[in-house]
Amino acid sequence: MEYTIIIGLEVHVQLLTESKMFSSCGTEFGLPPNTQTDPVSLGLPGTLPVMNRKAFELALKTAVALGAEIAPFTKWDRKNYYYPDLPKNYQISQYDLPFSRGGSLAIPVQKDGSGGGSCRLTRVHLEEDTGKMLHGAGGFSEVDLNRAGIPLLEIVSEPDLRSAQDAKACLEELRLTLRYLGVSDCEMQEGSLRCDANINLHIPADGKTVATPIVEIKNLNSFRAVERALEYEAKRQYTKWKADGLTIKDAPKETRGWSDPEGITKPQRQKETAADYRYFPEPDLVPVVVDQAWIDRVRASVGELPAQRRERFETEYGLSAYDANVLVEQGQDVADYFDAVAKATGEFKLASNWIQQDVLRTVKEKKLKLAEFPVGPDTLADLINRVKRKELNTNQGREVLAKLIETGEPLDAIIKSGGYGMVADTSVIAQAVEAALAANPKAIEDLKGGKKKPDAVKGFLRGQVMKQTGGKADPALVGELLDAKLAELLA
Amino acid sequence: MALSIDEVAKVALLARLRLTPEELQTFTGQLNSIVEFVEQLQQLDTTNVEPLAHGIDIHNVFRDDVLGPSLPREKALANAPKRNSEGFLVPAVLD
């Protein structure tokens with residue numbers, strides 16, 4: 001590697017509350033502009049903010065789950081800036097005494113083998129969201145204040161990420177964790193999860209390491225965009241450094257915007273003197289004191305997190321790390337579905353295979369949510385148990401599942417009308433073996449003459465036996481009887 | 001700690017105030033007298049005084065997360081200096 005990539009993320013998530021951070025109007029997404037405001041979110045004179053208890057508790061829950069240290073005393077500050085997205089001319093935020101510091105997030109191992117590390121967090125703090133600007137024609141911008149005042153959690157990571165893939169994986173794991181916690185729906189398209197990324201390079205040169213100027217990338221509207229933008233920006237910084245040799249000491253931090261259609265980052269105009277926010281304590285809000293009893297109560301509400309669930313799927317069900325991750329990374333509903341089937345069948349590997357190969361494939365192909373999948377975990381468990389009890393063989397089971405998905409009829413009805421059932425009667429199968437061998441003398445000759453590989457011939461004959469029994473024979477018994485018969489013939 | 005004209009000019013810019021050179025002179029003088037007045041507080045010995053985060057000694061004042069009504073849009077936009085049928089209009093801000 002010619003250089004090391006240094007990445008840190010700054011993530012904002014909207015908390016799932018009914019009402020805003022400091023007033024009682026709603027938080028719904030997608031309403032007509034300026035239909036979700038009240039005197040507080042409009043910043044009208046004489047209004048006073050009052051903290052939303054639920055928002056604070058969701059924030060605490062997140063910080064506790066991320067292993068952050070909870071401050072026993074926290075307060076609010078005003079971040080002052082003039083921009084029409086906040087009519088008060090300040091954002092209520094947290095500056096020197098945020099409610100939590102530290103914490104970390106483990107990055108799961110990815111399909112390509114990357115990931116596996118962890119990313120430390122600098123801090124998590126609460127603030128209010130701003131309004132939205134629609135930059136229209138006619139020399140004016142339109143301001144929509146529906147979003148102003150929605151509770152927002154800011155999560156800032158340490159610069160611990162070393163690749164664009166890791167950054168994407170870390171962000172995905174954060175989303176999964178926040179969804180498990182039920183604190184945010186984390187929809188990037190709807191803006192309930194937003195991410196900026198800071199990136200620079202450490203380049204070995206003349207026995208020393210030089211750092212390129214830090215760039216903050218904005219306008220990252222999808223997980224894929226995070227990955228693409230960081231990949232692009234690392235290459236751009238390296239090329240630029242080779243050309244001009246500028247380091248972090250020569251140039252201030254630059255803000256660049258990602259253009260998805262062009263696949264490049266572009267310099268963004270700086271908000272003038274943007275850094276000078278002149279924070280000061282918010283006199284309209286009193287501080288919050290968090291005692292150990294409160295933290296304990298919140299901790300008890302956290303429940304099983306994705307990382308713990310992967311571990312449990314490996315230890316309790318003996319799944320591989322890969323399988324455990326596939327079932328967990330799809331979201332809580334998939335992992336719950338698997339948990340239910342695994343518990344009802346005791347066949348963990350089998351349940352994992354059926355869900356990954358049949359359930360998830362169908363859900364993906366038909367673009368369904370798992371909740372819309374016509375076969376519930378109880379029915380799938382019933383089917384797997386019948387296969388386990390040898391009432392059906394695996395192929396029949398798959399066919400029955402396909403019919404369950406297609407018709408939505410009850411399991412018993414499909415098995416009955418399809419005439420499914422496994423033949424495990426030794427004499428019937430022995431007869432079928434005889435018939436298959438009699439009908440295929442050439443196969444026996446091939447085997448005797450060594451013309452074809454024994455496995456290929458056996459596979460072919462096994463298929464013929466299955467055909468003789470209408471696909472109903474117990475495959476294990478067929479193999480056993482066929483092997484014995486062939487051994488006899490070849491002796 | 002006297003404020004310089006440059007510092008006052010910067011604060012004016014941050015507050016979106018357009019001041020003439022004469023006004024800048026006047027306000028720098030006026031602001032400095034205010035700062036000097038407040039600076040008297042520096043004479044107090046605060047060695048054993050805990051830092052204060054808020055003027056009132058109460059904490060944890062919350063409201064329950066209960067949805068209340070929104071203002072009708074017409075009312076919300078009523079005082080806008082410039083508006084259209086759905087929003088506030090401000091001089092174009094380029095991103």
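The values are calculated or read from the model by the stated rules, or taken from the named source; none is laboratory data. As the structure is a computational prediction, the values presented were derived from the model and not from experiment. Note that each Cβ is placed from the backbone with ideal geometry, even for glycine, and that neighbours are counted across all protein chains shown. For the accessible areas, the whole protein counts, side chains as well, though only heavy atoms, and no ligand, DNA or RNA atoms are used. Shrake-Rupley method; radii C 1.70, N 1.55, O 1.52, S 1.80 Å.
Note down the relative contact order for chain A as a percent, whole number, built from C-alpha pairs under 8 angstrom at least six residues apart. Over chain A, the number comes to 14 percent.
Taking only Cα atoms of region A:4-293, what ratio of Rg to Rh do you get with Rh as the Kirkwood inverse-distance radius?
Checking Rg against Rh, the ratio lands at 0.97.
Take region A:196-335, drop everything but the C-alpha atoms, weight them equally and run the Debye formula without solvent; then report log10 I(q)/I(0) at 0.11, 0.12, 0.13 Å⁻¹ to two decimals. Result of the Debye calculation: -0.80, -0.88, -0.93.
Counts of other chain beta carbons within 10 angstrom of each beta carbon in peptide B:68-79 average 6. Leaving out ligands, DNA and RNA, what percent of the accessible area of region A:4-293 is carbon and sulfur, probe 1.4 Å? The nonpolar share, carbon plus sulfur, comes to 53 percent. Ordering B:His54, B:Leu17, B:Ile34 by Cα displacement along the dipole of chain B toward the positive end leaves B:Leu17 in first place; charges were set at the Cβ atoms of Lys, Arg (+1) and Asp, Glu (-1).
Remark: the protein assembly as shown carries 52 Å² of accessible area per residue (probe radius 1.4 Å; ligands, DNA and RNA excluded).
The modelled label-to-label distance between A:Ala487 and B:Val38, using points 7 Å beyond Cα along the C-beta direction, is 9.6 nm.
For peptide A:36-49, the mean count of partner chain Cβ atoms within 10 Å of a residue's Cβ comes to 2. Annotation: extensible slack from A:Glu69 through A:Lys390 equals 110.2 nm (criterion: 0.36 nm per residue apart, minus Cα-Cα distance). Taking N as the residue count of chain B, its C-alpha radius of gyration divided by 2.2 N^0.38 Å amounts to 1.78. Taken about its Cα centre, region A:191-275 carries a charge dipole of about 60 debye when Lys and Arg each add +1 at the Cβ and Asp and Glu each add -1 at the Cβ.
Within a Cβ distance under 12 Å of A:Lys88, other residues only, what is the Lys/Arg minus Asp/Glu net charge? Net charge around A:Lys88: -2.
Could you size up the charge dipole of region A:426-490 around its Cα centre, putting +1 on the beta carbon of Lys and Arg and -1 on that of Asp and Glu, and report it in debye to the nearest 20?
280 debye
State the Kirkwood hydrodynamic radius of region A:82-128 in Å, one decimal place, computed from all pairs of distinct Cα atoms.
By the Kirkwood definition, the hydrodynamic radius is 13.7 Å.
Distance between the 7 Å Cα→Cβ label points at A:Val109 and A:Phe29: 3.3 nm. Between A:Val210, A:Ser114, A:Pro159, the Cα set farthest toward the positive side of the dipole of region A:114-271 (charges on each charged residue's Cβ, about the Cα centre) is that of A:Val210.
For region A:426-490, with all protein chains in place and a probe radius of 1.4 Å, 56% of the accessible heavy-atom surface sits on carbon or sulfur.
Which whole number gives the average count of other chain Cβ atoms within 10 Å of the Cβ atoms across peptide A:321-328?
Per residue, the number of nearby Cβ atoms from other chains is 0 on average.
Measuring heavy-atom accessible area with a 1.4 angstrom probe and counting protein chains only, the residues of region B:43-57 that give up at least 50 Å² relative to the chain alone are B:Ala53, B:His54.
If R₀ is 25 angstrom, what is the calculated FRET efficiency for the pair A:Thr247 and A:Gln268, using the beta carbon separation as r and rounding to 0.05?
0.70
Shape analysis of region A:16-160 based on the Cα gyration tensor places the equivalent ellipsoid semi-axes at 31, 20, 14 Å, largest first. Solvent-accessible area lost on pairing A with B (1.4 Å probe, both sides summed) amounts to about 4000 Å². Here the Debye sum runs over all C-alpha atoms of region A:77-202 as equal scatterers in vacuum, and log10 of I(q)/I(0) at q = 0.22, 0.23 Å⁻¹ comes out as -1.34, -1.39. Among A:331-340, B:64-73, A:441-450, A:64-73, the peptide with the highest mean count of other Cβ atoms within 10 Å heads the list, and the full ranking is A:331-340, A:64-73, B:64-73, A:441-450.
Give me the distance between the Cα centres of region A:443-491 and region A:177-192, rounded to whole Å. Taking the Cα centre of region A:177-192 as reference, the centre of region A:443-491 is 55 Å away.
Pop the C-beta distance of A:Lys240 and A:Leu44 into the FRET formula with R0 = 30 Å and round what comes out to the nearest 0.05.
0.05
Between B:Thr20 and A:Tyr322, the modelled labels are 7.8 nm apart [label points 7 Å from Cα along Cα→Cβ]. Evaluated with a Cβ-only charge set (Lys, Arg +1; Asp, Glu -1), chain A carries a dipole of roughly 1020 debye about its Cα centre, given to the nearest 20. With the highest mean first, a sort of the peptides A:405-414, A:178-187 on other beta-carbon atoms found within 10 angstrom per residue produces A:178-187, A:405-414. Structural descriptor for region A:4-293: relative contact order 24 percent, calculated from alpha carbon pairs under 8 angstrom and at least 6 residues apart.
Both numbers refer to the Cα atoms of region A:304-417; Rg and Dmax are 13.8, 44 Å. In whole percents, the pair-distance distribution calculated for the protein assembly as shown from its alpha-carbon pairs, binned every 10 Å from zero, is 3, 12, 18, 20, 17, 11, 8, 6, 3, 2, 1, 0.
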